[in-house]
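The values are calculated or read from the model by the stated rules, or taken from the named source; none is laboratory data. Since this is a predicted model, take the numbers as computed values, not measurements. Every residue, glycine among them, receives a Cβ derived from its backbone with ideal geometry; neighbour counts consider all protein chains shown. For accessibility, only protein heavy atoms count, side chains too; no ligands or nucleic acids. Shrake-Rupley method; radii C 1.70, N 1.55, O 1.52, S 1.80 Å.
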Amino acid sequence: MKLQQLRYIWEVAHHDLNVSATAQSLYTSQPGISKQIRLLEDELGVEVFSRSGKHLTHVTPAGEVIIEMAGEILRKVESIKRVAEEFSNERQGSLGIATTHTQARYALPRIIQAFRTEYPDVALHMNQGTPVQIAEMAANGSVDFAIATEGIEHFSDLVMMPCYRWNRAVVVPHDHPLARREPLTLADVAAESIVTYVFGFTGRSKLDDAFDEQGLDANVVFTATDTDVIKTYVRLGLGVGIIAAMAFDPVIDSDLVALDASHLFQSSVTHIGCRKGTFMRRYMYDFIELFAPHLTREVVDAAFACSSSAEREALFADMVLPVR
């Protein structure tokens with residue numbers, strides 16, 4: 001059994017059983033991968049993948065267990081490499097982040113800039129996706145950190161730590177009637193066509209909960225994952241926008257008015273997390289603390305030491321989070 005063979009079955013399973021796509025991602029040949037998988041199956045005496053002709057159709061029950069164990073082995077190998085890298089050159093390496101557009105566009109630029117100044121030899125890789133995709137990328141080791149607000153229930157395999165609270169704003173053109181409405185009520189907003197985030201993105205659930213609690217129907221006419229797209233359609237007159245307050249730039253968005261909506265919707269909490277058992281390099285600790293200063297190395301280690309999510313929640317229960 002070779003480590004390369006374990007990597008091949010893991011990668012094939014995570015490329016929808018597409019051997020050709022796997023070969024491209026690993027810069028190798030399709031026949032070479034197929035041969036190594038067959039050699040591994042012959043050695044083990046079981047099939048990892050079922051086949052129809054030359055095509056893989058599904059993972060066998062034995063294959064599911066083997067692939068899961070292969071993933072654990074590959075992650076251990078990666079941790080060993082990181083230990084060696086930390087002791088040979090603690091300021092060099094790579095860091096992968098998975099997050100949503102709003103975090104990547106509005107919350108992270110300043111952090112990334114400061115991190116690059118401190119660690120110019122650490123390569124950064126940013127991946128954007130849905131909360132489910134973000135959780136999956138972090139859980140399978142495709143990235144180091146997951147940063148998300150919604151869908152925390154999908155992150156059960158990760159150590160998730162609260163970073164900051166944020167509120168919402170209602171954005172409208174200057175000549176819109178709501179621009180002069182004070183104080184703004186939820187009924188005022190419900191009476192308008194609404195442009196906001198796709199469900200499952202950027203705190204959308206808190207928005208829906210607020211309308212439901214007051215027995216109001218939100219007339220959501222357009223949704224997007226990208227805040228800039230939402231603001232574009234507000235400018236076109238499609239409706240009033242409900243966005244993360246941090247995503248409003250008074251200079252860039254000078255043609256719009258941002259109305260405080262913190263009294264209308266509960267604040268949301270953005271979390272950062274990574275896989276349990278991850279070997280944390282110094283620059284990983286520093287990135288977390290740059291993003292959330294209260295998450296010092298000691299606090300992060302304490303979070304990793306918690307034996308359950310309930311114990312971890314208790315650790316952060318009395319912590320006052322900054323508001324952005």
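Numbers at a glance
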read-out	value
Any hit, region 141-148, residues being modelled with pLDDT under 85 and open to solvent by 30 Å² or more (accessible area, probe 1.4 Å)	yes
Selection within region 52-62 - farther than 14 Å from Tyr8 by Cβ and surrounded by 14 or more Cβ atoms within 10 Å (Cβ to Cβ)	Thr60, Ala62
Members of region 208-250 that are open to solvent by less than 50 Å² (accessible area, probe 1.4 Å) and aromatic (Phe, Trp, Tyr)	Phe211, Phe248
Which listed residue, of Leu321, Leu238, is modelled with pLDDT under 95, part of a loop (DSSP other than H, G, I, E, B) and in contact with a strand residue (DSSP E or B) (Cβ under 6 Å, 6 or more places away or on another chain)	Leu321
Filtered residue count, region 295-324, keeping only those that are open to solvent by 70 Å² or more (accessible area, probe 1.4 Å) and in contact (Cβ under 8 Å) with a residue 60 or more places away in the chain	3
Hits in region 97-131 (condition: free of Cβ contacts under 8 Å to residues at least 60 places away in the same chain, of a type outside the set (S, T, N, Q) and either surrounded by 17 or more Cβ atoms within 10 Å (Cβ to Cβ) or within 24 Å of Val229 (Cα to Cα) (or both))	Ile97, Ala98, Ala104, Pro109, Arg110, Ile112, His125, Met126, Gly129
Residue count for region 16-51, restricted to those that are open to solvent by 50 Å² or more (accessible area, probe 1.4 Å) and in a loop (DSSP other than H, G, I, E, B)	8
Residue within region 82-89 that is hydroxyl-bearing (Ser, Thr, Tyr), surrounded by fewer than 20 Cβ atoms within 10 Å (Cβ to Cβ) and more than 16 Å from the chain's Cα centre (by Cα) present	yes
Residue count, region 63-74 (criterion: surrounded by 18 or more Cβ atoms within 10 Å (Cβ to Cβ) and either at pLDDT below 90 or under 22 Å from the mean Cα position of the chain (by Cα) (or both))	1
Subset tally (residues that are surrounded by fewer than 19 Cβ atoms within 10 Å (Cβ to Cβ), of a type in the set (A, V, I, L, M) and in a loop (DSSP other than H, G, I, E, B)) for region 251-274	2
Leu95 being at pLDDT 90 or above and touching a helix residue (DSSP H, G or I) at 6+ places or on another chain (Cβ under 9 Å)	yes
Pairs with Cβ under 7 Å, 6+ apart, first in region 267-280 and over 15 Å from Ala292 (Cβ atoms), second modelled with pLDDT of 90 or more and among the basic types (Lys, Arg)	Ser267/Arg165
Flag for Arg181 being within 28 Å of Asp253 (Cβ to Cβ) and open to solvent by 30 Å² or more (accessible area, probe 1.4 Å)	yes
Count - residues of region 1-15 that are open to solvent by 30 Å² or more (accessible area, probe 1.4 Å) and more than 27 Å from the chain's Cα centre (by Cα)	4
Test for Ile194: is it outside any helix (DSSP H, G or I), within 21 Å of Ser268 (Cα to Cα) and open to solvent by less than 40 Å² (accessible area, probe 1.4 Å)	yes
